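S.K.: I am attaching a structure below and will ask some questions about it afterwards.
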Amino acid sequence: MTQETDSPSVRTATQTARDVRAGNLTARAAAEQALERIARVDDRVGAYQVVRTGRSELLSDIPDEMLRLAATDDEHLQVLRDLHFRSAISAPLRVRDRVLGVISWVTGETAYRYGRGDLEFLEGLAQRAAVAIDNAELHSQVRDLALRLQRAVVPTQLPQPPGWTIAAHHVAAGRTAAGGDFYDVVELPDHRLAVFVGDVMGRGVKAASTMAQMRAAVRTLIAQDPSPEGVLAGLDRVFDMFDAEQLVTVVYGLIEPGGDDRNAGDGHSAGGVLRLVNAGHPTPLLVPAAGSARPLTSKDPLLLGVGAGARHVTEVAIGPGDTLLLYTDGLVERRGESIDDGLRRLAAATSALTRGDLDDAVQRVMAAVRDPNSDDDVAVLAMRCH
């Protein structure tokens, strides 16, 4: 009869014996527990020793005495003997000067005993496994860094100035790295609003870093001169000065109150004039309260940093009930189809933006238009005038 105590190792061994007897534990699992128990009893052998030294261990023969050390009672010892352990190898999962863990092999009923040739082969296998694990850890760390940087830059809350309802959604679609979509709305004196959406080509830390720099640059330029001409000229200078390597597209708009709105302290007299400039970005849409969505095209939209040239500024009136929609290309692009198909799909879905809760409407538009299998990030920003 087995006497049970409060010792975790004794309870584990007793349960192991019972599980093996009942057929609830495989020989492989029992071997793993036995090796761990041996290492705890005598830390000069087994996984703990391999971790400390970084050197492999070959047990060509597992003597009965070692099984006695691992067993906590006669019943447990008999279970270990019934498993017919013959030989074992433990090899470190070593990368550079780090030991990530230990991998062990044990022979049983086949009566095969490991030799030096087996040790060399399994050490090579452990080395390749260690490199794969290390690469996976590094990739996860880099991805997490990019995602944290992306989350830190994407606004968690946008302003809700009088006379406007603003909603935005950002979906980080990639499974392996963060993207470079960015956006913001900035309230300015005299009831003006600056709005922008941009996209950095590529993924990962570099794209997320460039995204953070671009958003900070745009906000700084807005503080100096919020005019579309001034902001885009400043971004061109940034690209020229710092020799940016990644392609960046951006659309920037400044909404200026019209008529008496400049003196309307309560903000209830909404509407105004949108002055918009586009640097290679997907065309924004103006969705009226009644009627079809209107693309706000720009003539010859020059990319940032491609050289001198005048940028065309589009001016359009925005009145109560109108909704301005800005987005990144991940919303409308799908593999195997023309971008025009995506734009038509978007135009057909925008009627949802003219009524009801704007935040819900933006999500419905994204669900109707976006490719759910896409690995591209999506940013959508909507501003409804009322």
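The values are calculated or read from the model by the stated rules, or taken from the named source; none is laboratory data. On a predicted model such as this, the values are computed, not experimentally measured, just so you know. Cβ sites come from the backbone with ideal geometry, for glycine too, and all protein chains shown count toward neighbours.
S.K.: Going by the structure shown, is GLY180 in contact with a strand residue (DSSP E or B) (Cβ under 8 Å, 6 or more places away or on another chain), at pLDDT below 85, among the small types (Gly, Ala, Ser) and farther than 20 Å from GLN363 by Cβ?
M.R.: yes
S.K.: Inside region 192-223, can you point out the residues that are assigned to a helix (DSSP H, G or I), in contact with a helix residue (DSSP H, G or I) (Cβ under 7 Å, 6 or more places away or on another chain) and at pLDDT 90 or above?
M.R.: The answer is ALA217, VAL218, LEU221, ILE222.
S.K.: Say we look at region 315-346 and pick out the residues that are under 26 Å from GLU256 (Cα atoms), in contact (Cβ under 8 Å) with a residue 60 or more places away in the chain and crowded, with 17+ Cβ neighbours inside 10 Å; which of these is farthest from the chain's Cα centre (by Cα)?
M.R.: The extreme case among them is ILE318.
S.K.: Within region 45-66, track down each residue that is at pLDDT below 80 and under 48 Å from the mean Cα position of the chain (by Cα).
M.R.: Result: VAL45, GLY46, ALA47, TYR48.
S.K.: In region 309-330, is there at least one residue being among the aliphatic types (A, V, I, L, M), within 16 Å of MET383 (Cβ to Cβ) and modelled with pLDDT under 90?
M.R.: Within region 309-330, the subset among the aliphatic types (A, V, I, L, M) is 310, 313, 316-318, 324-326.
If we keep only those that are within 16 Å of MET383 (Cβ to Cβ) as well, we get 316-318, 324-326.
Pick out the ones that are also modelled with pLDDT under 90 and you get none.
No, region 309-330 contains no residue that is among the aliphatic types (A, V, I, L, M), within 16 Å of MET383 (Cβ to Cβ) and modelled with pLDDT under 90.
S.K.: Can you pull out every residue in region 92-112 that is charged (D, E, K, R) and farther than 20 Å from GLN49 by Cβ?
M.R.: Matches in region 92-112: ARG96, GLU109.
S.K.: The conditions are (1) in the same structural domain as LEU69 (by TED's automatic domain parsing); (2) closer than 21 Å to ARG203 by Cα; (3) at pLDDT 90 or above, and HIS139 fails exactly one of them. Which is it?
M.R.: Evaluating HIS139 over (1) in the same structural domain as LEU69 (by TED's automatic domain parsing); (2) closer than 21 Å to ARG203 by Cα; (3) at pLDDT 90 or above leaves (3) as the failure.
S.K.: Here are some residues: GLY356, GLY336. Which one is within 14 Å of ALA167 (Cβ to Cβ) and either assigned to a loop (DSSP other than H, G, I, E, B) or not assigned by TED's automatic domain parsing to the domain that holds SER227 (or both)?
M.R.: GLY356
S.K.: How about region 63-122: which of its residues are basic (Lys, Arg) and closer than 30 Å to LEU138 by Cβ?
M.R.: ARG94, ARG96, ARG98 - these are the residues of region 63-122 that are basic (Lys, Arg) and closer than 30 Å to LEU138 by Cβ.
S.K.: Somewhere in region 350-361, is a residue surrounded by 13 or more Cβ atoms within 10 Å (Cβ to Cβ), within 21 Å of THR249 (Cα to Cα) and in contact with a strand residue (DSSP E or B) (Cβ under 7 Å, 6 or more places away or on another chain)?
M.R.: Residues of region 350-361 surrounded by 13 or more Cβ atoms within 10 Å (Cβ to Cβ): 350-354, 358-359, 361.
After this cut, where a residue has to be within 21 Å of THR249 (Cα to Cα) as well, the list is none.
Checking region 350-361: not a single residue is surrounded by 13 or more Cβ atoms within 10 Å (Cβ to Cβ), within 21 Å of THR249 (Cα to Cα) and in contact with a strand residue (DSSP E or B) (Cβ under 7 Å, 6 or more places away or on another chain).
S.K.: While we're on this one: Name every residue in region 55-93 that is among the aliphatic types (A, V, I, L, M), part of a loop (DSSP other than H, G, I, E, B) and either touching a Lys or Arg at 6+ places or on another chain (Cβ under 7 Å) or not assigned by TED's automatic domain parsing to the domain that holds ALA130 (or both), in order of residue number.
M.R.: Once the filter is applied, which keeps residues that are among the aliphatic types (A, V, I, L, M), part of a loop (DSSP other than H, G, I, E, B) and either touching a Lys or Arg at 6+ places or on another chain (Cβ under 7 Å) or not assigned by TED's automatic domain parsing to the domain that holds ALA130 (or both), region 55-93 yields only ILE62.
S.K.: Only one of these is touching a Cys at 6+ places or on another chain (Cβ under 7 Å) and modelled with pLDDT of 90 or more: GLY117, GLY163. Name it.
M.R.: Going through GLY117, GLY163 in turn, the sole match is GLY163.
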